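Derivation of every value follows stated rules applied to the coordinates shown; laboratory data play no part. Computed from a predicted structure; not experimentally measured. FYI the Cβ positions are ideal-geometry reconstructions off the backbone, even for glycines, and counts take in every protein chain you see.
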Amino acid sequence: MLSKPKKMSRETFTKKERITKRADFIKRRAGDRVVHTSTYQFVFKPSPLGYSRLGIVVTKRDGNAVFRNRVKRVLREAFRKNKSIIQPPRDVIAIRKHRPTQPTFRDAELSLITAVKQFSSAQPDKGTDSSV
């Protein structure tokens, strides 16, 4: 008799994991953290939900529609593959810096992982007292 395979984490990018409302993009709070990489600026916001979401900002200044859609596609894929490393769950807004280079999945994934690591290392531990 065959045993059931172990349940793997789902690497999906559902509609509920997208930030779509303008208000979610423009609200800035004291708890927001900004991390810069060579190609992107990532804004980490506390998530009101129990899971991470992604919002992407690419302007017409960055390129034509084909270029902008590729940027969004590679960022969504990088987020989909690595969303489990964002702890605690956060809303992530990725803003493309004006770069003439063609976006690649490897660059987007490296930028996202680097930003998450910088964000995680910059967070104070809840168990320590920083006023001493």
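Annotation: the antiparallel percentage among DSSP beta bridges lying fully within the range 17-97 is about 65. Computed over the range 17-97, the convex hull of the alpha-carbon atoms projects to a mean area of 5.4 nm².
Summarising the label geometry, the points placed 7 Å from Cα in the beta-carbon direction at Ile95 and Arg80 lie 2.7 nm from one another. For the range 82-89, the Karplus equation 6.51 cos²θ - 1.76 cosθ + 1.60, evaluated at θ = phi - 60°, returns couplings of 10, 5, 6, 7, 7, 10, x, x Hz by residue, with Gly and Pro reported as x. Near Gly55, the amide H atoms lying under 5 Å from its own belong to Ile19, Val92, Ile93, Ala94; only residues 5 or more places off or on other chains count, and H is placed 1.01 Å from N.
When the charge dipole of the range 17-97 is built from unit charges on Cβ atoms (+1 for Lys and Arg, -1 for Asp and Glu) and taken about the Cα centre, the candidate among Thr59, Ala30, Phe79 whose Cα reaches farthest toward its positive end is Thr59. Amide H to amide H distances under 5 Å link Ser47 with Asp91, where only residues 5 or more positions off or on other chains count and H is placed in the peptide plane.
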